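In what follows, a structure is listed as structure tokens, so that the remarks can point back to it.
The values are calculated or read from the model by the stated rules, or taken from the named source; none is laboratory data. These numbers were taken from a predicted model, which means no experiment stands behind them. Neighbour counts run over all protein chains shown; Cβ positions are idealised from the backbone, glycine included.
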Amino acid sequence: MDFDYLRKLFAYNHWANREVVAALRAVPGPPSRSVRLMTHVLGAELLWLNRLLPNQKPPEVWPEMTLPEATQFAEQMPPAWEKYLKELRSEGLSRAVTYRNSKGEQWTNTVEDILMHVVIHSAYHRGQIATDMRANGLVPAYTDFIHGVRLRLVTE
């Protein structure tokens, strides 16, 4: 995997998360399901980062957070991921990581697969948030990857 492209995918992920948080903050009383999904996106990102780092305690995958707390958390994640990606070397992408999932099952995946999962998992749940917001008569954030690239909102 090309490191520049990997960084671009994470730049997209962070931009899209900020867009969704901003869209939720822009409406009075945002749907609780949407807020819950967004806090899950952020909690899962931290969970995976902690699985990649040595000796880190796994956080909750469905953390209880208010929208202001999620906003602050969304701003803390990009520097943490940027630091990890900056220190990662190409040989590290194939490193096997063994962890326990939320059901207590033990699994092993490569760093490369985990990094791709983080981006795809977040996009999946942002899609659920968009659907939930529309179902509640609200306008969701437009977070398509190509949109961010076209407008140069997503850069490496």
* Asked: Is it true that Met38 is at pLDDT 95 or above, in a helix (DSSP H, G or I) and out of contact with any strand residue (DSSP E or B) (no Cβ under 6 Å at 6 or more places or on another chain)?
  -> yes
* **the stretch 37-71, subset free of Cβ contacts under 8 Å to residues at least 40 places away in the same chain and among the hydroxyl-bearing types (Ser, Thr, Tyr), residue surrounded by the most Cβ atoms within 10 Å (Cβ to Cβ)** => Thr39
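For (1) part of a helix (DSSP H, G or I); (2) among the basic types (Lys, Arg); (3) touching a Pro at 6+ places or on another chain (Cβ under 8 Å); (4) more than 20 Å from Ala11 (Cβ to Cβ), each residue gets a yes or a no:
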{"residue": "Gly92", "(1), (2), (3), (4)": "yes, no, no, no"}
{"residue": "Gly104", "(1), (2), (3), (4)": "no, no, no, yes"}
{"residue": "Asn109", "(1), (2), (3), (4)": "no, no, no, yes"}
{"residue": "Leu115", "(1), (2), (3), (4)": "yes, no, no, no"}
{"residue": "Val119", "(1), (2), (3), (4)": "yes, no, no, no"}
{"residue": "Ser122", "(1), (2), (3), (4)": "yes, no, no, no"}
{"residue": "Gln128", "(1), (2), (3), (4)": "yes, no, no, yes"}
{"residue": "Arg134", "(1), (2), (3), (4)": "yes, yes, yes, yes"}
{"residue": "Tyr142", "(1), (2), (3), (4)": "no, no, no, no"}
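Results for (1) in contact with a Cys (Cβ under 9 Å, 6 or more places away or on another chain); (2) at pLDDT 95 or above; (3) surrounded by 11 or more Cβ atoms within 10 Å (Cβ to Cβ); (4) closer than 22 Å to Thr143 by Cβ, shown as yes or no for each residue.
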| site | (1), (2), (3), (4) |
| --- | --- |
| Ser90 | no, no, no, no |
| Ala96 | no, yes, no, no |
| Arg100 | no, no, yes, no |
| Thr108 | no, yes, no, no |
| Met116 | no, yes, yes, yes |
| His121 | no, yes, yes, yes |
